[in-house]
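Read through the structure below, which is laid out as C-alpha cells, and then see the notes.
The values are calculated or read from the model by the stated rules, or taken from the named source; none is laboratory data. Every value quoted in this text rests on a predicted model; they were computed, and no experiment measured them. FYI the Cβ positions are ideal-geometry reconstructions off the backbone, even for glycines, and counts take in every protein chain you see.
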C-alpha cells in the first residue's frame, strides 16, 4: 500500500530535525522517483495513438503523402529556428595528396562568417564530374579521422563517387568549449546538449547549427567543377545517421540517402532507453506527430536506404516499423524499389556490411550501375595526415566564432526587439504571449486536486498534516500542511527547488505560529518525486536529475516549467480555499532555487491569486542561459523560443507594484549576482 502508516510518518522535531517524507510508493506500486518517467511515457503513448490515426489518413493517396511530407518539413524547419543568409564560404584547400585508388584534398570553409568547417574530400582518380556524397560524422571524438567514416568515404572514391567528410561541431577540430590548453572540455554529446540548452530560449537547437553546416557543405560540393550538382548523396552513421536523416529531409538537393544506425521509432526508443542527446530532441515533435519515419516521408519518393544493426541501442523493432511505413508510402507513390533496408547482425557501428550496402546503393542511384562491389583492404589517413588546422581546433584560428558567440548575437537582437515591444505592450498582452509559449493552462481550466490525508500530528500552536494532492492521473504531490491553532487569515505556499525537506523547519514553524496557514509541497519532479530517469552522472552534473524526463516533456511540447507552474497554481488555490468555503484568501508565494521560474510564471498569469511573491536563489534571466556556456540545471526551466517575446525580468516587472521580492538572484551557473 502506497500510504504509509501513521506511526511511520509521525513527525519528529528532535534537535530541529523533521521527518518530511509523505510517499512510500506510488498507487501503481512504483517508487516515487519513477513518477515522471511513468507519467510522461503515458502521455507519449497517447501522442502516438493520435499519430497513428492521422498517419493512416495521410498514407491513403500519393497526394496525401506529399502533403504530409510538406507539413512535417515546414514544422521541422520552424522548430529549428529557420536558416540564416548564405554568406560566402571562402573555401581553402590546405593540402592535397594521392593514394592507392583515390586522391584527397583537405579543406576549410565558413558555413557562417567566422564559423569554420574542417573537411576532407576524397576523389576518384578518373576524370569527373562525379556524383558527390556528403558524410556527416557520428559521435566519434576525432570526427572525420574516425576509421569507419574514412573507410566509407574512400570506398566511394575508389568506386567513382566523390565523398566529402566533415567535422560537425563538438567533434574533431570543431569543439566549441576548450580548456586553457586548447583541448575539449566535454565529450561531443554533452557539448551538443550544452549548446541545445543555451539555444532553446532563442527558439533554436544545436541540430539547426549542425544541419546548416551540412547544407553549406553541399553548397561547397555543388560549387566544384568536378562535382555534378544533380547527383548529390548523403550518408552517415549514429550521430551522422541523425544528421543524414535531417539533411536528406530538409535539403531537396540530396537525391540519394543512406542513414545508418539511427532510424528507429521514437516510441520504441523512448520506451526502451528514453530520449538521447540534445540534437535528437526537436521541440514539440511528438505533440505534432513527427517521428523518425517522417524523415523518409519528407523526401519520398527519392531513393533512401535504411542501414541498421540487429543489436543496436536504437531498437531494431522500431527500425522495421519505420521501414514498413516508408515502404507503404513509396509503394503507394509507385516507387517501391526506391526505399530499402540493410541489417547487419552486429552492434551499433558503421560496420563493413553497412558500408558495402551504402556504396552499392549510391552506385545504383547516382551512377546507374547496379552491381556488387566489395570494400577490400586499404589504408586510411592518420589523425595527423587528416588534420586541417595548424593547432587542431578551429576556435584557435584568428577571427573564429563559436556557436555561443552566434547565440549571444541572436540574443542581443531579440533583446532590442523586446525592449521596443514592451513600451506598448500591456500586462494582459504579455500574459497572453506567455501562455502561447508555455501552454500553461488558465487556473479556471485546471482540475481541483484530489486530497489524500496521510497523517497528522499536533505541534506547538499548530497541527501538521501530511497530505498528497493528485492534480491528475499519475501525478502525486506530497506536501506538508501546517494549520495554525489561531489563524490570522494569511496563507503561505512555500516551494523549494530541492524539495520541502530542504526548507528550514524553523522558518515554517515561525510562519505558522504567527497564524499563517502554510503549505509546503513537492511539485512534480522535485523532492520525493525527483526523477531518476537519468542519462549518466556527467549529464546530471550539467543538466540536473531527470534529464530524460525533461527531454520527453520538451518533445511533448509540455515544458517541465509549465507543468510545475500549473502544480503551483493548483496548490495555491487549494491552500487559499482550505477550510475557508467560498471566500478564498490571497496567497503569499515563496519559491527557492529551480522552483523560482515556474513560480514567477504562475504569479504573473494568475496575479489575483497571490498577495505577494518572493523568489530566492533563483535564475535571474534566460539571457544568462544563452550567454553562459556551462549552465547548471537550467534545462528544466527553459521554454522554447520565449526570448523572442519575454525574459524573466519582464515577468517581475509585470507583477503588481510592491508585490515581488527577488532575493539573491543567480546566473545560469548558479552563482549569486552582484
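Some values worked out for this structure:
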item	result
Residue list for region 172-220, filter: part of a loop (DSSP other than H, G, I, E, B), out of contact with any strand residue (DSSP E or B) (no Cβ under 9 Å at 6 or more places or on another chain) and more than 17 Å from residue 408 (Cβ to Cβ)	179, 180, 181, 182, 183, 186, 187
Flag if residue 59 is surrounded by fewer than 20 Cβ atoms within 10 Å (Cβ to Cβ) and under 34 Å from the mean Cα position of the chain (by Cα)	yes
Which listed residue is at pLDDT below 95, out of contact with any strand residue (DSSP E or B) (no Cβ under 6 Å at 6 or more places or on another chain) and at positive phi, from 82, 7	82
All positions within region 19-32 that are touching a helix residue (DSSP H, G or I) at 6+ places or on another chain (Cβ under 7 Å) and either at positive phi or not in a loop (DSSP other than H, G, I, E, B) (or both)	23, 32
Those residues of region 622-640 which are within 25 Å of residue 436 (Cα to Cα), touching a residue at least 60 places away in the same chain (Cβ under 8 Å) and surrounded by 20 or more Cβ atoms within 10 Å (Cβ to Cβ), in sequence order	622, 623, 625, 626, 633, 634, 635, 636, 637, 638, 639, 640
Strands (runs of 3 or more DSSP E) wholly inside region 251-348 that include at least 3 residues being surrounded by fewer than 21 Cβ atoms within 10 Å (Cβ to Cβ)	339-344
Options 295, 314: the member that is under 22 Å from residue 547 (Cβ atoms) and touching a strand residue (DSSP E or B) at 6+ places or on another chain (Cβ under 9 Å)	314
Number of positions in region 42-57 that are touching a helix residue (DSSP H, G or I) at 6+ places or on another chain (Cβ under 9 Å) and closer than 14 Å to residue 294 by Cβ	5
Some residue of region 91-103 being touching a residue at least 40 places away in the same chain (Cβ under 8 Å), surrounded by 18 or more Cβ atoms within 10 Å (Cβ to Cβ), in a strand (DSSP E or B) and over 23 Å from the mean Cα position of the chain (by Cα)	yes
Filter result (assigned to a helix (DSSP H, G or I) and surrounded by 14 or more Cβ atoms within 10 Å (Cβ to Cβ)) within region 384-400	385, 386, 394, 395
Any hit, region 135-145, residues being surrounded by 24 or more Cβ atoms within 10 Å (Cβ to Cβ), without any contact (Cβ under 8 Å) to a residue 60 or more places away in the chain, at positive phi and not in a helix (DSSP H, G or I)	no
Single match in 410, 403 (criterion: closer than 30 Å to residue 132 by Cα, outside the structural domain of residue 178 (by TED's automatic domain parsing), surrounded by 13 or more Cβ atoms within 10 Å (Cβ to Cβ) and touching a helix residue (DSSP H, G or I) at 6+ places or on another chain (Cβ under 7 Å))	403
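Residues are listed down the side, and each one gets a yes or a no for (1) under 21 Å from residue 502 (Cβ atoms); (2) surrounded by fewer than 21 Cβ atoms within 10 Å (Cβ to Cβ); (3) modelled with pLDDT under 95:
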| position | (1), (2), (3) |
| --- | --- |
| 559 | no, no, no |
| 578 | no, yes, yes |
| 599 | yes, no, no |
| 642 | no, no, no |
| 665 | yes, yes, no |
